[in-house]
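The structure under discussion appears below in the form of structure tokens.
The values are calculated or read from the model by the stated rules, or taken from the named source; none is laboratory data. Just so we're clear, the structure is a prediction, and the values are computed from it rather than from any experiment. Please note: Cβ atoms are built from the backbone with ideal geometry, for glycine as well, and neighbour counts cover all protein chains shown. For the accessible areas, the whole protein counts, side chains as well, though only heavy atoms, and no ligand, DNA or RNA atoms are used. Shrake-Rupley method; radii C 1.70, N 1.55, O 1.52, S 1.80 Å.
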Amino acid sequence: MHILRLALLGLAALVALILGWTFWIEANRLEPAPSPKIAETHVSPEAIAAARGAIEAELAAVPEYAGFFDSLKTRFPADYEAFLAKASRRSAATGEIQSADFLIIDAVRALRVSHGVLAAKAEQPALDHVFEMQLAMLRALAGRNQGLCVDFLYGGANGDFLEFSAANRSLVAAMASAGLDAIDNGQINRVERDEPTAEDFQELEKALRAKGLGTLEIEALLDGKTPDPPLDDARMCRAGAIYLETLAALPEPLRMRIYGFAVELMARS
């Protein structure tokens with residue numbers, strides 16, 4: 001087994017970005033965190049309660065996100081309460097209420113940290129849907145900005161992502177819900193899968209070459225190598241879409257081994 005390739009697959013390229021969480025975590029960091037001094041500031045229970053009410057009102061004003069937060073509250077009530085408690089205290093300390101787009105990123109990040117590994121144990125339809133939404137997000141980003149599309153592939157982010165989220169809330173919510181559904185399904189079903197083999201990756205590479213990708217694109221996606229000079233954004237974004245399409249067309253057992261392994265590595269990273 002090619003251990004380096006397996007490790008980098010889990011850390012470097014889009015197949016490991018369960019819900020685009022690496023990308024969303026970086027986008028989350030675009031808004032400055034409260035300073036340690038602010039974090040230690042005493043805030044009254046009344047101020048926290050008022051902030052919580054304002055946050056819940058902010059979320060209620062965005063119907064596209066209602067399904068995700070309702071599911072989070074029902075399926076993972078402790079995580080929902082922890083998310084609200086943290087956001088409420090932060091807002092009470094800073095006097096600011098983050099946007100609903102920031103808040104859903106924050107909730108997804110917290111869920112990934114606490115339960116993300118369970119998605120690797122989801123049944124086939126739920127795990128497939130996670131990567132279907134990855135491809136949908138990639139295509140939407142490509143249609144807006146090729147550079148933003150490449151950021152998505154590699155877990156970077158810039159200020160355009162929160163703007164993109166605000167303009168594509170249904171897609172963002174669907175992507176978040178796909179991940180939550182996979183986590184919930186994995187918690188219930190606990191499907192055990194073998195790790196992918198060297199032969200699995202040979203089959204994947206063969207399929208990628210048949211789709212027209214060359215060595216530079218394949219090494220960039222599978223091994224995290226940066227060509228010198230780097231591939232242009234349009235070429236790299238197109239390669240990412242072909243990558244996800246090719247993965248989705250692999251035979252089910254092989255596909256599930258790669259999906260499950262990538263998701264588990266990302267959750268543990």
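Mind running the shape call on region 220-269? Use the C-alpha gyration tensor, a ≥ b ≥ c as the square roots of the eigenvalues: rounded below 1.5 for a/c, prolate if a/b tops b/c, oblate otherwise. Since a/c reaches 1.5 but b/c is at least a/b, the shape of region 220-269 is classed as oblate.
Accessible surface computed residue by residue for region 31-148, with neighbouring protein chains in place and a 1.4 Å probe, gives 46 Å² per residue. Note down the net charge around residue 168, summing +1 for each Lys or Arg and -1 for each Asp or Glu among other residues with Cβ under 12 Å from its Cβ. For residues surrounding residue 168, the net value is -1. Computed extension gain for residue 123 through residue 57, at 0.36 nm per residue and net of the alpha carbon distance, reaches 20.3 nm.
Note on region 166-269: dipole from Cβ charges, positive end direction compared against 267, 215, 171; the farthest Cα belongs to 171.
The calculated FRET efficiency for the pair residue 211 and residue 132, based on their C-beta separation and a Förster distance of 22 Å, comes to about 0.80.
Would you please classify the overall shape of region 94-174 from the alpha carbon gyration tensor, given that a ≥ b ≥ c denote the square roots of the eigenvalues, rounded means a/c under 1.5, and beyond that prolate means a/b larger than b/c while oblate covers the rest? The shape class here is oblate. Averaging the Cα positions of each part gives two centres, and for region 75-99 and region 161-175 these lie 20 Å apart.
Normalised per residue, the accessible area of region 154-216 is 48 Å², obtained with a 1.4 Å probe and no contribution from ligands, DNA or RNA. Taking Cβ atoms as reference points and 12 Å as the exclusive limit, the residues near residue 252 contribute a net charge of +1, counting Lys and Arg as +1 and Asp and Glu as -1.
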